[in-house]
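The values are calculated or read from the model by the stated rules, or taken from the named source; none is laboratory data. A quick note: this is a predicted structure, and the numbers were derived from the prediction, not measured. Methodologically, a virtual Cβ is constructed for each residue, glycine included, from the backbone with ideal geometry; neighbour enumeration extends over all protein chains shown. Accessible surface is based on the protein model in full, side chains and every heavy atom, while ligands, DNA and RNA are left aside. Shrake-Rupley method; radii C 1.70, N 1.55, O 1.52, S 1.80 Å.
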Amino acid sequence: MSAAKCAECARLEREREAARAARDMSRVTDCNVLIKRHPDHSKQPAPAGRGRG
Ligand SMILES: [Zn+2]
């Protein structure tokens with residue numbers, strides 16, 4: 001629904017779907033935790049060409 005937060009979370013979400021399809025609740029919970037704990041959401045990707053050189 002909403003745009004992917006980051007590549008890692010996008011990958012985790014896909015894995016979570018696969019895990020749920022496989023009825024692997026342990027893995028589903030694992031993915032949920034990893035997604036929630038992912039700290040890269042606040043930070044934005046540094047713009048190339050700008051910054052301290
Ligand atoms: Zn993330």
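With respect to A10, determine if the residue is open to solvent by less than 60 Å² (accessible area, probe 1.4 Å) and modelled with pLDDT of 70 or more. Against the criterion (open to solvent by less than 60 Å² (accessible area, probe 1.4 Å) and modelled with pLDDT of 70 or more), A10 qualifies.
Filtered by the rule that a residue be assigned to a helix (DSSP H, G or I) and either open to solvent by 60 Å² or more (accessible area, probe 1.4 Å) or touching a residue at least 40 places away in the same chain (Cβ under 8 Å) (or both), segment 19-30 gives R20, A21, M25, S26, R27, T29, D30.
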